[in-house]
Structures are given as structure tokens and as C-alpha cells.
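Since the structure comes first, as C-alpha cells, the remarks are kept for the end.
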Amino acid sequence: MNPSRRPTYLAAALVALGLCLPAAAQEEIKIGVIYPLTGAAASTGLELKNAAQLAADLINGTDRSLNLPLAGAGGLPKLKGAKLKLVFADHQGSPQVGATEAERLITQEKVAALSGCYFSSVTTTASQTAERYGVPFLNGESSSPQLTQRGFKWFFRTTPHDELFVQNAFEFLRDLEKKKGLKPRRIAILAENTEFGTGAAKLQEKYAKEGGYEIVEKVLYPPKSTQLTSEVQKLKAARPDIVMQSSYLGDAILSMKTYKELGFVPTALVANNAGFNDSEFLKTMGKDGDFVISREVWALDLAARKPVIAKANELLRARHQVDFNGNSARAFTAIFALAEAINRAGSTKPEDIQKALRETNIPADQLIMPWGGIQFDETGQNRKGAGIIIQVQGGQKVTVWPFDLAGKDVIWPFPSWDKR
Amino acid sequence: MTAQLLLQTLLSGILIGLVYALVAVGLTLIFGVMDIVNFAHGEFLMLGMYAAFWGFALWKLDPLFTLPLTALLLFALGAALYRLIIRRITDAPMLSQIFATFGLMILFRGLAQYLWKPDFRSVGESVVAGKVAFAGLQFGLPQVVAALGAVLTTAAVWWFLRSTRLGAALEATAADKEAAALMGIDAQKMFALAWGLGAACAGVAGALLSTYYPIFPEVGSTFILVAFVLVALGGFGSVAGAFWAGILVGVVEVVGGFLWDPAYKMVLVLSLYLLVVWLRPQGLLGKA
């Protein structure tokens with residue numbers, strides 16, 4: 001070739017390449033995923049990111065051994081095998097940053113849909129941005145009930161919210177009565193007096209009334225108290241069958257120590273997640289943490305009844321040397337739900353994806369969650385979501401409800417402190 | 001509601017009140033001698049807790065065995081802080097003093113978070129695990145031992161101030177530092193001593209609490225508010241005042257919370273404080 005003609009060829013090649021670019025872009029469907037990747041919750045954010053990426057890679061890959069929607073499809077078949085590309089953004093735990101990142105993903109990255117943000121506060125603002133732009137937002141792991149009570153048209157949530165979790169505790173009690181003939185009737189509520197505790201206490205009162213239970217005592221206490229003696233004495237004096245407790249870690253530890261100190265033994269302690277589910281709680285309490293019952297969104301021992309969980313967990317372990325937990329399992333599931341809808345829509349137009357999401361109907365056996373499936377109601381909430389009830393047995397958290405997913409039988413009643 | 005239940009809460013209140021008192025004794029010592037409000041006092045307590053925790057975690061030494069060492073460490077820290085920082089601001093405007101001790105508070109919390117992570121820790125199986133039960137009442141052994149330890153330490157401080165030459169010199173400096181200086185008392189030494197003792201009291205309280213209370217970098221903030229109330233309630237600078245105020249506040253908090261509503265237990269404590277300040281501005285045992 002004549003060296004002087006080289007630039008011309010080069011230019012022609014560049015033009016050709018330029019013409020090819022839009023076509024190449026068609027083969028990628030971008031989804032914006034916003035998580036706290038720096039800041040106090042960075043370690044959780046990274047877990048969520050890793051789980052979401054694993055979900056996308058499974059859809060883009062060819063391993064068909066997992067019974068999950070589109071797993072092993074090598075991309076989205078109805079979009080000519082276009083690959084799913086997750087564009088991650090960091091909200092640093094800040095609602096403002098979450099909103100601006102959502103805007104950047106929509107306007108500059110041109111994502112087809114958004115997912116995230118773990119923190120309910122950030123999901124609130126980021127989904128407002130999505131609503132303004134008319135871009136579908138699928139949230140997988142924020143549990144504030146208000147999120148789906150805003151009348152948004154573009155917001156969908158796969159995870160059950162806090163109210164459903166509280167409801168679950170009462171379903172568990174009803175099942176105990178129906179299937180095991182246990183009849184706890186007297187409930188005492190112990191809750192810290194900020195938004196989390198008071199909100200939960202209100203819901204517990206509501207469901208107790210509906211279920212015909214008697215609230216014999218309701219104690220709200222200031223969090224991070226120096227002592228919880230008066231609180232526990234009040235509970236003890238009320239002689240409840242069940243204590244329903246909503247506490248963060250420090251208070252959960254202090255209250256358990258005070259129960260033991262004052263020899264308080266209800267028939268069961270049904271905790272509302274939070275401090276009681278923190279790994280530090282069991283580390284600190286040792287065998288004194290045994291028999292605590294709590295609600296949880298997910299547990300690894302569900303794998304015994306759902307083999308797909310074990311398989312997915314193996315893949316995550318191979319990559320990141322960690323097991324799934326309630327948060328990462330939900331982030332993983334959100335990507336599948338979103339991809340399944342986009343594929344069914346067969347288009348990246350927001351309206352088409354929105355319509356497909358509204359028609360979503362993923363069966364229970366295609367999920368690693370203990371849910372009845374995914375199907376959104378008119379508010380965008382997954383109506384088939386459910387939590388599980390776990391109990392600490394021999395220092396391990398085991399699933400005890402729903403009974404058909406349970407790894408072990410629930411130990412009931414709570415043994416007295418001197419008989420352990 | 002039985003008399004027994006009431007007696008149980010009353011005694012529980014006294015137990016925690018005695019620990020509050022020890023924290024406040026340290027605070028009131030520093031204030032009494034120097035007229036400086038030490039905002040970092042809760043952090044001394046936190047450091048005492050961590051000293052006890054690490055002694056246990058690294059060498060399996062019980063917090064009660066390492067107690068003298070914890071006291072010494074905190075004494076050295078308090079005295080050193082005086083030499084390095086507080087000495088320079090003794091005559092500075094009050095705002096500088098507040099900022100200095102407030103800054104120390106933030107520094108210590110930040111350091112604790114950085115070095116030991118914000119996790120909750122606790123001393124697993126202390127030698128004092130167990131229960132004391134009599135006449136149908138029951139108390140955790142850790143709580144009882146902590147209260148006893150607090151009384152003994154407070155009594156030791158009291159004895160030191162009343163019955164030793166050094167203690168008398170400290171009290172003299174508190175009463176009038178110029179006059180004390182004229183009598184040949186080295187005020188600098190006395191100030192350092194007050195800081196050392198004050199920090200040691202908080203450290204001992206922390207070590208005693210560590211047998212049953214969770215340990216985390218912000219733990220000081222939980223106890224410091226009560227300590228401030230006690231210092232004002234008992235009378236600024238009065239060790240005996242802080243002691244009795246501790247018992248009073250412990251009882252009001254626990255019994256009041258039990259009889260009324262635990263959500264308002266601090267409301268009761270602070271109302272009591274307002275009442276005393278209104279009727280007796282110098283505090284229960286303070287000098288007008």
C-alpha cells in the first residue's frame with residue numbers, strides 16, 4: 001500500500017467503525033444500579049453490588065443449570081440476545097447524592113431502568129427522580145412501607161415491607177395454634193421509642209387486635225439506655241406469654257442480660273429483626289442468646305428445601321468467598337425480576353418495560369427467596385412477598401416458619417434461665 | 001404490683017445509681033478544682049471499658065483483676081492530658097475550654113472507632129457471672145459487684161481527700177488556688193492530680209460496667225448526661241453531693257420508670273434536677 005494513502009484508509013475505517021457503534025450499543029441493555037459503595041454502609045453496598053453483578057452474569061452466561069428466570073440465556077432472547085450491562089453508581093448513604101446519581105444514570109448513561117438503593121431514605125429520593133423522568137425503578141431491598149404508598153407509576157418493589165414482616169409474626173402465631181395447638185394469648189410489646197420501634201409497636205397493636213390477642217403491656221424506652229431494669233420489671237409484672245421486641249443491637253444485648261438478671265421468662269421472645277439478627281448479638285450473648293425467635297428476610301438453611309439457593313450460593317462463594325444474606329439475596333433477585341420484565345417487553349422503551357413489570361408473574365420455584373412468587377399490585381408492591389421466622393438454636397439461626405420451609409422445629413416454650 | 005417488686009426496683013436503682021455516682025465523682029473533682037467542664041469525661045469511661053475489654057480479649061484477664069491497671073492507665077492519661085493541653089487553657093476564655101475538652105471527646109471517639117471499629121463488644125464470661133438471690137429478690141452478680149466496686153472507689157477518693165496531706169492540698173486548691181499557692185502548694189501538681197483522679201474514677205466505672213454493659217466507641221455519651229446532672233444536682237465540686245445524687249437519680253430513674261412510663265424516665269430525672277436547681281441553685285450539698 002502506498003504510505004501516502006494510509007490516512008485515507010484510516011479515516012474510512014474510522015467512519016465505518018463510527019457507523020457500527022450504534023448497532024453495537026443495541027446489543028447492550030443498561031441498567032443503573034445505585035448502592036452505598038463508600039461510607040459507613042460500604043461493606044453492605046459491595047455485597048449488594050457483587051450479588052447484582054452475579055445475577056447479570058448468569059443471565060448473560062450460558063450456564064442453564066440454575067432454575068432462575070433467563071439464567072443461562074446468554075442475554076435477553078427477545079432483544080436479539082442483547083447483553084445486560086449494570087452501570088453502578090454510589091450514593092454514599094446520602095439521599096441527595098442518590099437523586100443526582102439517578103439523574104446522571106438516566107440522562108447521561110441512558111439506562112433503561114434503575115435499581116437500588118438499599119437505604120429506604122435514598123430509594124425515596126432516587127425513585128422520585130425516576131418518576132419525574134418516567135423511567136422504571138425496581139427496588140429490591142428497602143423495607144419502609146411508605147415507598148409503595150406514594151402513588152408512583154414507575155416504582156416497583158420486590159421485597160416485602162416492614163408491615164408485612166410484622167404481619168408474618170402474627171401468621172406464625174396463628175400457624176402455631178392451628179398446627180401445633182399452642183395458644184399464646186397475652187402479648188407484651190417492648191420497643192425503642194424512635195421511628196423504627198414505635199412504628200413496629202403500632203403495627204403490632206393493630207394486628208394483635210385483629211387476631212384477638214391481648215396486649216397486656218406496651219413499653220417504649222429511650223434507645224441506648226444505661227439500664228433497662230424498670231422496663232423489664234414492667235414486662236415481668238404483666239406476665240405475658242409473648243414479648244414482641246424491636247431493639248437495636250446495644251439495647252437488645254442489655255435487655256437480654258436484664259431478662260436473665262431478673263429471671264424473666266416469657267413463653268417466647270419474638271424479636272423484630274434489627275439488633276437480634278446482628279451477628280454481634282450472638283457473639284456477645286453466647287448460649288444466652290439461644291431460643292430467641294426473630295423475623296428474617298432470608299436464611300441460608302432454606303437451601304435444604306430449595307436447591308437453587310445452594311447452587312447460587314456456591315457461585316457467589318466461588319467468586320467472593322461469602323454466603324448470600326438477606327440483603328444480597330434480595331439484590332440478586334431484583335436484577336432477575338427486572339431483566340425478565342425487560343425481556344418480556346422486548347423493547348427498552350420505558351412504557352413497554354413498565355407494562356411488562358405490571359404483568360410480571362414469576363413463580364416461587366424460580367426464586368432464591370422464601371416468597372410465593374413475584375407479582376406486583378397496583379401500588380407496585382410485590383403481593384407475594386413473605387418473610388420467614390428464625391430461631392436461635394445451639395448458637396445457629398435456623399428457619400422455623402413457614403413450616404413447609406422450616407429447617408428445624410420451633411422450640412417452645414422458652415426454657416427458664418436456670419434450666420439451660 | 002407487690003411491695004416485693006417495688007423493693008426489687010428500688011435496690012436495682014441504688015445499684016446503678018452507685019455506678020453513676022462514681023462517674024460523676026470524677027467529673028465533679030475536675031470541676032471543683034479547676035472550674036473546667038470536662039466534656040471528654042464519658043470518653044474516659046469508654047477507654048476504661050476498652051482497657052478492660054482488651055485485657056480480657058488478649059490475655060484472658062478478668063476486668064476485675066485488671067482494674068488497678070486500668071485505674072493507673074487512666075490516671076496517667078488524665079494527668080498527661082492536663083500537662084499537654086488543659087494547662088494551656090486554664091486561664092483562657094470559657095469557650096476555649098469547652099472547645100478543648102469537646103475536641104478531646106470527638107478525638108477519643110474517632111480514635112476508638114478507627115482503632116477498634118464501631119462494633120459492639122463485650123467481655124464474654126467474667127468471673128462475676130451469676131446471680132445474687134435473697135428473700136425473693138434477685139440481682140445480677142456483675143451489677144452487684146459493679147455497685148460495690150463503685151462504692152469502694154468513691155469511699156477511697158473521699159478518704160484520700162479527707163485524711164491525707166495530698167488530699168487536703170487538693171481541697172485547699174479547690175477552695176482558693178491563690179491562697180493555696182501562698183501556702184506553698186504547687187497548683188500545677190494539684191491540677192494534674194485532679195485530672196488524673198477524675199479520669200481514673202471514670203476508668204474504674206468503665207471497667208466495672210464492662211462486665212455487663214456492651215462496649216462501643218460512643219458508650220460514653222450514654223452515661224455522661226447523667227453524670228452532668230449529678231454534678232449539678234449534688235453541688236458543683238462536691239464528692240459527697242455527687243454520691244448521694246447518684247443514688248437519688250438511680251432510684252428515681254428505675255422506680256419512676258417502673259411506676260410511670262419508662263419512655264419518660266429521663267424526663268423524671270431532669271425534672272428532679274430542675275426542681276433542685278430552682279429550690280437550691282447550689283445543689284444538694286454545694287456551698288452557696
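The values are calculated or read from the model by the stated rules, or taken from the named source; none is laboratory data. Small disclaimer: the values here were computed from a predicted structure and weren't measured. Cβ coordinates were reconstructed from backbone atoms using ideal geometry, including for glycine residues, and neighbour counts include every protein chain displayed.
Structure values in brief
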{"read-out": "In the range A:50-81, the residues that are among the charged types (D, E, K, R) and free of Cβ contacts under 8 Å to residues at least 40 places away in the same chain", "value": "A:Asp57, A:Asp63, A:Arg64"}
{"read-out": "Any hit, the range A:377-392, residues being in contact with a helix residue (DSSP H, G or I) (Cβ under 9 Å, 6 or more places away or on another chain) and part of a helix (DSSP H, G or I)", "value": "no"}
{"read-out": "Which numbered condition B:Ala57 misses (of (1) of a type outside the set (Ser, Thr, Tyr); (2) more than 14 Å from chain A (Cβ to nearest Cβ); (3) surrounded by fewer than 21 Cβ atoms within 10 Å (Cβ to Cβ))", "value": "(2)"}
{"read-out": "Qualifying residue in the range B:105-122 (condition: of a type in the set (Ser, Thr, Tyr), within 14 Å of another protein chain (Cβ to nearest Cβ) and assigned to a loop (DSSP other than H, G, I, E, B))", "value": "yes"}
{"read-out": "Test: residue in the range A:206-220 that is in contact (Cβ under 8 Å) with a residue 24 or more places away in the chain, of a type in the set (D, E, K, R) and within 14 Å of chain B (Cβ to nearest Cβ)", "value": "yes"}
{"read-out": "Any hit, the range A:231-244, residues being under 30 Å from A:Gly140 (Cα atoms), surrounded by 19 or more Cβ atoms within 10 Å (Cβ to Cβ), within 20 Å of the chain's Cα centre (by Cα) and not hydroxyl-bearing (Ser, Thr, Tyr)", "value": "no"}
{"read-out": "Residue that is nearest to the other protein chains (Cβ to nearest Cβ) [pool: residues in the range B:240-283 that are surrounded by fewer than 18 Cβ atoms within 10 Å (Cβ to Cβ) and of a type outside the set (A, V, I, L, M, F, W, C)]", "value": "B:Tyr264"}
{"read-out": "When residues of the range A:172-185 are limited to those that are surrounded by fewer than 18 Cβ atoms within 10 Å (Cβ to Cβ) and touching a residue at least 24 places away in the same chain (Cβ under 8 Å), the one farthest from A:Ile242 (Cα to Cα)", "value": "A:Lys179"}
{"read-out": "Tally, over the range A:263-302, of residues that are of a type outside the set (Lys, Arg), within 14 Å of chain B (Cβ to nearest Cβ) and assigned to a helix (DSSP H, G or I)", "value": "13"}
{"read-out": "Given (1) surrounded by fewer than 24 Cβ atoms within 10 Å (Cβ to Cβ); (2) touching a Ser or Thr at 6+ places or on another chain (Cβ under 6 Å), number of the condition B:Ala135 does not satisfy", "value": "(2)"}
{"read-out": "Residue match in the range A:305-327 (condition: charged (D, E, K, R), in contact (Cβ under 8 Å) with a residue 60 or more places away in the chain, in a helix (DSSP H, G or I) and over 25 Å from A:Phe403 (Cβ atoms))", "value": "yes"}
{"read-out": "Those residues of the range A:340-371 which are over 29 Å from A:Gly134 (Cβ atoms) and either charged (D, E, K, R) or not assigned by TED's automatic domain parsing to the domain that holds A:Lys78 (or both), in sequence order", "value": "A:Asp365"}
{"read-out": "Matching helices (runs of 4 or more DSSP H) fully within the range B:146-231 where at least 2 residues are over 21 Å from B:Leu72 (Cβ atoms)", "value": "B:165-175, B:177-182"}
{"read-out": "Test set (1) out of contact with any Leu (no Cβ under 6 Å at 6 or more places or on another chain); (2) within 27 Å of A:Ala42 (Cα to Cα) - A:Asp90 fails condition number", "value": "(1)"}
{"read-out": "Conditions (1) among the small types (Gly, Ala, Ser); (2) within 9 Å of chain B (Cβ to nearest Cβ); (3) farther than 21 Å from B:Val254 by Cβ: number failed by A:Ser246", "value": "(2)"}
